[in-house]
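> One structure coming up, written as structure tokens, with questions to follow.
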Amino acid sequence: MPAQKSSQKINKFADGQPIRFRCAMQNTIYDVLKNRKGWVEASSDGDWDFIWSDKCGIHEIYDNQYLDEHVKLNHFRNHYELTRKNLMAKNLKRLKKHIEREQGKMEANSCDFFPATFELPGEYHMFVEEFKRNPGKLWIMKPIAKSQGKGIFLFKKLKDITDWRKEDYYSVDDKKEEKEQPEAYIVQRYIDNPYLINGRKFDLRVYVLVTSYTPMKAWLYREGFARLTNSRYNLNSIDDQFVHLTNVAIQKTAPDYDPEGSKWSIHQLRLYLTAKHGVQAVKDLFRLMDIIFIKSLQSVQRVMINDKHCFELYGYDILIDADLKPWLCEINASPSLTASNQTDYNIKVAMLSDVLNVLDMEGRLTGKEKRVGGFDLMWNDGPVFPDDLPINDFGSSLLPISNTFLGLLLRVAIVAVAFFSFFL
Ligand SMILES: Nc1ncnc2c1ncn2[C@@H]1O[C@H](COP(=O)(O)OP(=O)(O)O)[C@@H](O)[C@H]1O
Ligand SMILES: [Mg+2]
């Protein structure tokens, strides 16, 4: 007998049985799960069908619970391969080397979207060589496993980081007492020419949903945020976090923080950039971002422990420089789902409803969709191309075209999705 198509799979919930969820958070995701038709909160000691857990809780589930065929979890077991800063850098460097070996240097240049990065103390000497090759440059230190801008600082002089010198910890001199290892950090070249809006730096938060690594299936959400700093950008005050770190957690502690003005939708940003630089320049910028999403996922594809129960909603942090080149800062496995204002709330609720629509526990989809609400399928064991690509869309750019619409058609998508999720 031929294999069953996904559309013909028997759906456990077809007879109207409720889908039981568990949720470790009390923010937008809880609201979405609670308000979704046909879904009920599972009792604390009862069975569940869907779980939205924090990163730590997921191991407890894997290690101690039998997972029924149909259940879904919101993290892959080794999600940290991409979402811990040192491992992301390691995996990206490895991919770049691999492409260089197989396809040559030119092709490998497509991986030049993350700033030079070294892990400390392990790669201290390599870092010092790079540091000396770039006199006067700024560097940024980030603890590998922290978030929200915690523990980050900028520096220009080597003496500011002598605590992380490798030889202090692995001394061969018996008489010298070994120091306790400091917290592991990465040191990264600081992108000192960010694109500025009204004199302020910003970065982007973009949502990518991976529903499988083998074969790789990844969706890009059309909407996201630009997070602006409160203070005007300058390079004189490198210790001022309000100037250099765009994290909302940092910016909201600024005395004159304005929750409305500090976040733009990517749609708004795209319109702004198009007005300033024209359609083609902005298309090229967004196509370069597509390359970041795809290459970063490919960099871990072989090491990820694929599991049909798992999906991951990644929050990408992307910085755009003054030459309209996008840079990957980091990838988060638990992007903040707390809303900072009403627009933020609406976008997050619509996005999360669409995550559930893509996962399709209700069995409404055929499995062939290239778009579900605000999510577009960008990779399905290979590149996905848009169906109705206008001829002139090939334009002057040599960059690959994929089925992605970041910052486009947002309002239509969100209204439609909110409607779909709450009233169907
Ligand atoms: N290499 C860099 N160049 C310029 N700014 C950076 C760089 N890396 C990080 N930043 C800024 O610092 C913020 C926090 O860094 P990130 O890597 O996202 O760590 P966290 O996990 O603390 O959010 C970013 O959102 C960005 O504004
Ligand atoms: Mg971040």
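Quick note: the coordinates plus some simple rules give every number you see, no bench work behind them. These numbers were taken from a predicted model, which means no experiment stands behind them. Note that we place each Cβ from the backbone using ideal geometry, even for glycine, and neighbour counts take in every protein chain shown.
> What value, in deg cm²/dmol to 500, does the helix sum -39500 (n - 2.57) over DSSP H runs of n ≥ 4 give at 222 nm once divided by the residues of the chain?
-9000 deg cm²/dmol
> Moving on to the next point. Compute the label zone of Asp256 within segment 225-240: residues whose backbone N is under 15 Å from the point 7 Å along Cα-to-Cβ.
It comes to 229-234, nothing else.
> Nearest 5 is fine: what % of DSSP beta bridges in the chain come out antiparallel, could you say? Spell out each step's value before the answer.
On the way: 48 of 57 bridges.
So the antiparallel bridges in the chain amount to around 85 percent.
> Just tell me, in residue order, which DSSP H segments of the chain are both 20 angstrom or longer along the helix axis (alpha-carbon based) and at least -1.0 in mean Kyte-Doolittle hydropathy.
Details: long enough: 85-103 (27 Å, -1.56); 279-301 (33 Å, 0.67); 342-359 (26 Å, 0.44).
Long hydrophobic helices here: 279-301, 342-359.
> Check which residues have an amide H placed less than 5 Å from Ser265's amide H, if you skip close sequence neighbours.
Ala226
> Net charge within 13 Å of Ala333 by Cβ-Cβ distance, Lys/Arg positive one each and Asp/Glu negative one each, not counting Ala333 itself?
Taking every other residue near Ala333 into account, the sum is -1.
> Can you tell me which of Lys96, Lys201, Lys146 moves the most in a GNM of the chain? Springs connect C-alpha atoms under 10 Å apart.
Lys146
> For segment 239-317, what class follows from the C-alpha gyration tensor (a ≥ b ≥ c being the square roots of its eigenvalues): rounded when a/c is under 1.5, otherwise prolate if a/b is larger than b/c, else oblate?
Oblate shape, in that a/c is at least 1.5 and b/c is the bigger or equal ratio.
> Taking 25 °C and 0.890 mPa s as the conditions, I'd like the Stokes-Einstein D for the chain in µm²/s, using the Kirkwood hydrodynamic radius from alpha carbon pairs.
On the way: Rh = 23.1 Å.
Using the Kirkwood radius from Cα pairs, D works out to 106 µm²/s.
> Provide the gained length on full extension for the span Lys137 to Lys34, in nm with one decimal, where the gain is 0.36 nm per separating residue minus the Cα-Cα distance. Don't jump to the answer; show the numbers that get you there.
On the way: separation 103, 0.36 × 103 = 37.08 nm, distance 4.99 nm.
Value of the extension gain: 32.1 nm.
> Quick one: length gained pulling Lys150 to Asn306 fully straight, 0.36 nm per residue minus the C-alpha distance?
53.1 nm
> Could you go through segment 368-373 in sequence order and give the Karplus-derived ³J(HN,Hα) for each residue, using 6.51 cos²θ - 1.76 cosθ + 1.60 with θ = phi - 60°, rounded to whole Hz, and x for Gly and Pro?
10, 5, 9, 9, 10, x
> Now, a different point. I need the trypsin sites (Lys or Arg not before Pro) found in segment 35-76, filtered to DSSP loop residues with at most 12 other beta carbons within 10 Å of theirs.
The qualifying sites are Lys37.
> Set the Förster radius R0 to 60 Å, insert the Cβ-Cβ distance between Asp387 and Glu183 as r into 1/(1 + (r/R0)^6), and round the FRET efficiency to 0.05.
About 0.75, to the nearest 0.05.
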